[in-house]
Amino acid sequence: MSPEPAPPAAALLAWYDRHRRRLPWRAEPGEVADPYRVWLSEIMLQQTTVAAVIPYYARFLTRFPTVEALAAADEAAVMAAWAGLGYYARARNLHACARAVVAAGGFPREIAALRALPGIGPYTAAAVAAIAFGLPTVPVDGNVERVIARLGAIETPLPTAKPQIAAEAARLGADPAARARASDFAQALFDLGATVCTPAAPSCALCPWQSGCVGRRMGIAESLPRKAAKSPRPLRHGVHFWLADPAGFVLLRRRPPRGLLGGMTELPGTPWRAAPWGAAEWAPHAPMRADWRPAGEVRHGFTHFELHIALFAAEVPAIEAAGFLRSAAALDVEALPSVMRKCVALVLPGRRPDDALTIV
Ligand code: SF4
């Protein structure tokens, strides 16, 4: 238990009533939150920023406006709509979760039942429970971790500090004012972290909890939360091939359904491994005999490794190789992950890696 009294929830809620962010998935004051939108946004926001998610969310919601529409969709259509957001296991779980929710007649209103759904961990269950259903629980995301570490001057590095931070979050949420407005309280904490208690240069003068903040008083707020030093990500190498025909069709293939980028579309290529590929090694992996020319290098960061891809391109009169052909002009509707969109951008003039998806 922290020796400091918990700062009053009422002060944070009063601040939120004046300064809340307007977000596409967020209910306006007086509106009832839609659990489908809350859940969808929370899945999309994992490991991704609000600014990056907003256009994807809008297009996804246009394509799948209800959980029933999402449940009824083909997996390929869901993966194509998700392409570019990364972490594709989330898209598969999203689809499986939608089907489970529809089969059960709607989203459950208990944290344990939410956690039992595909792709819903402790944080997402708490977020949906609090935001969509007003259950008195405090979801702890990175913003909330930062606010709480600073409020209590918690100097233990993350992730070791997580249990202590969770206990402090529960203490804040036990305030009767927080319990009475659990949905707003959770979102107020998100907004405080995102707009005032920012990672660099927190605006403590604007903070409704400044008088109770130990980190600010000690002059160490900006340095919190501390993080354990990360070991550098290992580097892997791959070679991929852009093989086109005179009609503008390009050879693609589908990745295996499970595993990294499972079920996504890619340009044919080598496995990704620690040692760089020599020309003699990658040649046998080429989809067919062709006059390959180097088309550049793509660098992409995955969670657990960094990938460097050497891209080679060739045109041949006719393509006869394993995989399938798609018009290069219509690649937007393919479920190409970001790393492959970077490859496409190297070959197609005027194409940007973030030309993500067009809903058809
Ligand atoms: Fe964050 Fe400053 Fe508020 Fe403390 S006073 S919670 S450091 S913004």
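Return yes or no: is Pro122 under 30 Å from Trp15 (Cβ atoms) and touching a helix residue (DSSP H, G or I) at 6+ places or on another chain (Cβ under 9 Å)? So Pro122 fits the description; yes. For Pro157, are the conditions met, namely being surrounded by fewer than 19 Cβ atoms within 10 Å (Cβ to Cβ), away from the ligand (no atom under 16 Å from the Cβ) and over 21 Å from Leu70 (Cβ atoms)? Yes. Residue count for the stretch 211-239 under the criterion of being more than 19 Å from Thr156 (Cβ to Cβ) and either assigned by TED's automatic domain parsing to the domain that holds Thr303 or away from the ligand (no atom under 14 Å from the Cβ) (or both): the result is 9.
Counting only residues that are farther than 22 Å from Ser211 by Cα and part of a loop (DSSP other than H, G, I, E, B), how many does the stretch 141-160 have? Qualifying residue count for the region: 5. Note on the stretch 30-125: enclosed helices (runs of 4 or more DSSP H) holding 3 or more residues that are more than 20 Å from the chain's Cα centre (by Cα) are 67-72, 88-104, 111-115. Against the condition away from the ligand (no atom under 16 Å from the Cβ) and either in a loop (DSSP other than H, G, I, E, B) or not charged (D, E, K, R) (or both), how does Pro208 come out, does it pass? Against the criterion (away from the ligand (no atom under 16 Å from the Cβ) and either in a loop (DSSP other than H, G, I, E, B) or not charged (D, E, K, R) (or both)), Pro208 does not qualify. Of the residues making up the stretch 48-74, those that are over 29 Å from Ala194 (Cα atoms) and out of contact with any helix residue (DSSP H, G or I) (no Cβ under 6 Å at 6 or more places or on another chain) are Ala69, Ala72, Ala73, Asp74. Looking at Val214, Val239, just one residue is crowded, with 19+ Cβ neighbours inside 10 Å and β-branched (Val, Ile, Thr), and that residue is Val239.
The values are calculated or read from the model by the stated rules, or taken from the named source; none is laboratory data. Quantities reported herein were computed from a predicted structural model and do not represent experimental measurements. So basically every Cβ, Gly included, is an ideal-geometry build from the backbone, and we count neighbours across all protein chains shown.
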